[in-house]
Amino acid sequence: MFYPHSLLNWFVDLIFPYRCLSCGKYLDREYLCRPCFNALPVKKQNECIGCQRPTPLGKTCVFCRETYVVDQLFVASDFKDPIVASAIKLFKYRFLQDLAQPLSQLTFKHLDHLAKRDHFSVVQGNPLLVPVPLFKTREYWRGFNQAELLARAIARHYRLDVGEGLVRSAHGTPQAELEDRPERLSNVRGLYTCINPDMFRGRSVILVDDVCTTGATLNECARVLKDAGAVSVTALAIARG
């Protein structure tokens, strides 16, 4: 499918060569050299999606379960790191799709750490990977859904399936324009719909997004998925803003 910015991207690739976001080294269709990628932080401590207090395997604490239906949250890296933040922003707002590879690899490193330290297996129960959807006009303008690119990279790596039945049915105010947690939670209410509930009924789901801030978007998606019959929803993000 042709997207409005495709031709622009072709000219950008032609005029501006690939350089490492950290050290500036010229690269072949990559934006992070191996030494700089290896220096990126991998989050070791898991936390509750609501209060952000440390919890075992990122499980939602008892105090936040009345508000959050997400069962647990995994965050791969730290948005406070300038290179991680830059990579996510360029990926999301400057349409640099090649950054899906190093960002998904950060996720692999985080999940490998959990497997070694906590004996956690992401493939246990054969979960369905579900990207947080964009509204159709937003995805057309951007040319891709960054969460879907990440979800598909993770699915290939772990040989899991990607579910496509969750859609964003309304536009709404961008979450980035709201700072208050209650406002964010109410702003996303009713924006997502499950058009294929049979796909999720009785399944464990891993919900994928690039950034988790208050967790409002992930929580609303999890609510819709559980209403469709999902037995559990784990949220997975590259970083927490």
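All of the numbers you see were taken from the coordinates with simple rules; none came from a lab. Owing to the predicted nature of the structure, the values given are computational and were not obtained by experimental measurement. Cβ coordinates were reconstructed from backbone atoms using ideal geometry, including for glycine residues, and neighbour counts include every protein chain displayed.
Here are a few things to note about the model shown:
- Local net charge near SER104, Cβ-Cβ under 11 Å (Lys/Arg +1, Asp/Glu -1): +2
- Ellipsoid semi-axes in whole angstrom, largest first, where each is sqrt(5λ) of the Cα gyration tensor of the chain: 28, 22, 17
- Residues ASP78, ASP198, arranged from fewest to most other Cβ atoms within 10 angstrom of their Cβ, appear as ASP198, ASP78.
- At R0 = 30 Å, FRET efficiency that the Cβ-Cβ distance of GLN124 and VAL62 yields, to 0.05: 0.80
- Residue (of ALA230, ASN187, PRO82) at the positive-pole extreme of the chain, dipole from beta-carbon charges: PRO82
- Using a Förster distance of 45 Å, the FRET efficiency for HIS171-GLN45 (Cβ separation, nearest 0.05): 0.80
- Linear extension gain, GLN101 paired with LYS136, 0.36 nm per residue minus alpha-carbon span: 10.2 nm
- Under 5 Å, built H, 5+ apart or other chain: amide partners of ALA235: ASP71, GLN72, LEU73, PHE74, LEU207
- Net charge of neighbours whose Cβ lies under 9 Å from the Cβ of SER232, counting Lys and Arg as +1 and Asp and Glu as -1: +1
- Relative contact order for the range 85-241: 23 percent, from Cα pairs under 8 Å spaced at least 6 residues apart, divided by residue count.
- Kyte-Doolittle mean at least 1.6, axial Cα span of 27 Å or more - DSSP H helices of the chain: none
- In plain terms, the residue of LYS43, LYS109 with the fewest other Cβ atoms within 10 Å comes first and the most crowded comes last, giving LYS109, LYS43.
- Proximity of backbone amide H atoms, modeled 1.01 Å from N, is registered between LYS25 and CYS20 at under 5 Å, excluding neighbours fewer than 5 places apart on the same chain.
- When exposed loop sites are taken as GluC sites (Glu not before Pro) in a DSSP loop with at most 15 other Cβ atoms within 10 Å, the longest stretch of the chain clear of them is 67-163.
- Whole-Hz couplings from phi, Karplus 6.51/-1.76/1.60, listed for the range 191-202; x for Gly and Pro: 7, 10, 9, 9, 9, 9, x, 4, 5, 9, 4, x
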